[in-house]
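Quick notes on the structure that follows.
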Amino acid sequence: MSETKEPSKVSGIKITLAVIPALLIVSIIIALYLGANEEQEKQKPREGDVTIPELADFLEKLNHRIVERSFGSDEGVRGLKQTWSMIQGTLEPPNLGYEVFKKVEDIAAGKLWPTLWVNVGAAEPKEINVIAVPYGVSGTPVAFSLGLAEYYTMHKSKKGIRIAFYPPLLEGDPKSWIWERIGKEEESLESLLILEGGGSPLNWADIKTTEKSADILDQLVSKKGWAGNFKIADERAGEIHVALGEQGKSQIVNHAERLIRMMSVMKALLEQTGK
């Protein structure tokens with residue numbers, strides 16, 4: 001009888017050494033594939049409705065911890081930098097998950113200041129409705145707009161909606177100034193709404209409309225049962241101006257609750273007046 005030779009230990013080691021690099025290559029390929037897919041997934045806004053505690057936290061940070069936003073002092077400049085940094089960090093992954101666009105071309109206090117924006121409505125629309133938010137002075141419109149961006153992840157719009165945050169350096173015609181920074185050649189500006197703070201604490205907002213949108217707003221407020229919550233100016237402007245009511249003597253959670261109610265108003269206003 002012939003003897004059956006068993007594989008030597010040396011042969012086993014050679015096989016193992018040959019297999020390990022192949023396994024490593026396969027593992028790397030799988031990791032890269034999963035990483036790429038994960039990155040793509042992060043670029044999509046995660047769905048979720050803004051909550052009162054969440055918006056109250058935004059208001060606390062932007063109105064009580066950052067006490068000054070201006071170019072008149074070192075503290076004010078720091079406040080502006082902290083504000084736009086918070087805007088970007090909140091909107092992009094791993095938080096809300098938006099793709100944040102940025103254009104840096106405005107100079108003040110020896111520094112360049114960015115305009116940032118996100119698209120919260122229809123994908124690749126040709127006509128854009130812009131909510132423009134200055135990130136100076138009051139933190140209320142900034143906090144509201146961060147919440148509104150999250151609101152739009154659950155309450156979809158078929159219109160092109162762009163939320164833009166710009167440094168308090170606007171000059172001349174607001175439409176031209178803002179669109180020059182955030183518009184594309186293949187797009188057109190359908191409507192512009194400038195969102196500010198400084199509104200009466202007794203109202204959800206003080207609103208100044210355009211000639212085109214005045215009747216639409218009156219009908220909308222009456223139809224939705226929102227009458228009595230707004231102060232609507234008699235004078236007209238070239239674009240809609242919404243000055244959100246400030247906190248006043250109310251609790252911050254009550255202020256946040258009122259602002260959340262205002263989000264459905266904002267969506268309806270853009271859906272109707274952009275026509």
Counting only protein heavy atoms with a 1.4 Å probe and every protein chain in place, the carbon and sulfur fraction of the accessible surface of region 104-160 in whole percent equals 56
The correct ranking of Ser138, Ser250 by accessible area at 1.4 Å, largest first, is Ser250, Ser138
Starting from the 7 Å offset along Cα-to-Cβ, what nm value, one decimal, do you get for the label separation of Glu180 and Glu235?
2.4
Arrange the residues His155, His64 by how much accessible surface each exposes, largest first, with a 1.4 angstrom probe.
His64, His155
Net charge over other residues, Cβ less than 9 angstrom from the Cβ of Ile182 (K, R count +1; D, E count -1)
+3
So what are the three principal axis dimensions of region 170-266 from its Cα atoms, in whole Å, longest to shortest?
44, 28, 23
Heavy-atom accessible area per residue - region 92-214, 1.4 Å, Å²:
41
What are the semi-axes of the equivalent ellipsoid of region 103-245, taken as the square roots of 5 times the eigenvalues of the Cα gyration tensor, listed largest first and rounded to whole Å?
24, 19, 15
Net charge contributed by nearby residues that have their C-beta within less than 13 Å of Asn63 (K/R +1, D/E -1)
-1
Express the relative contact order of region 109-180 as a whole percentage, based on alpha carbon pairs under 8 Å and six or more residues apart in sequence.
47
Pull out the extension gain between Lys103 and Glu127, defined as 0.36 nm times the separation in residues minus the alpha carbon to alpha carbon distance; nm, one decimal.
6.6 nm
Val100 accessible area, assembled protein chains, probe 1.4 Å, Å²:
30
Alpha carbon convex hull of region 58-108, projected area averaged over orientations, nm²:
4.0
By accessible area with a 1.4 Å probe, ligands and nucleic acids excluded, highest first: order of Trp84, Trp177:
Trp84, Trp177
Provide the solvent-accessible area of Leu112, counting protein heavy atoms only and rolling a 1.4 Å probe, rounded to the nearest 10 Å².
100
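The values are calculated or read from the model by the stated rules, or taken from the named source; none is laboratory data. All values reported here derive from a predicted model rather than from experimental measurement. Virtual Cβ from ideal backbone geometry, glycine too; neighbours counted across all protein chains shown. Side chains are part of the model used for accessible areas, which takes the heavy atoms of the whole protein and leaves out ligands, DNA and RNA. Shrake-Rupley method; radii C 1.70, N 1.55, O 1.52, S 1.80 Å.
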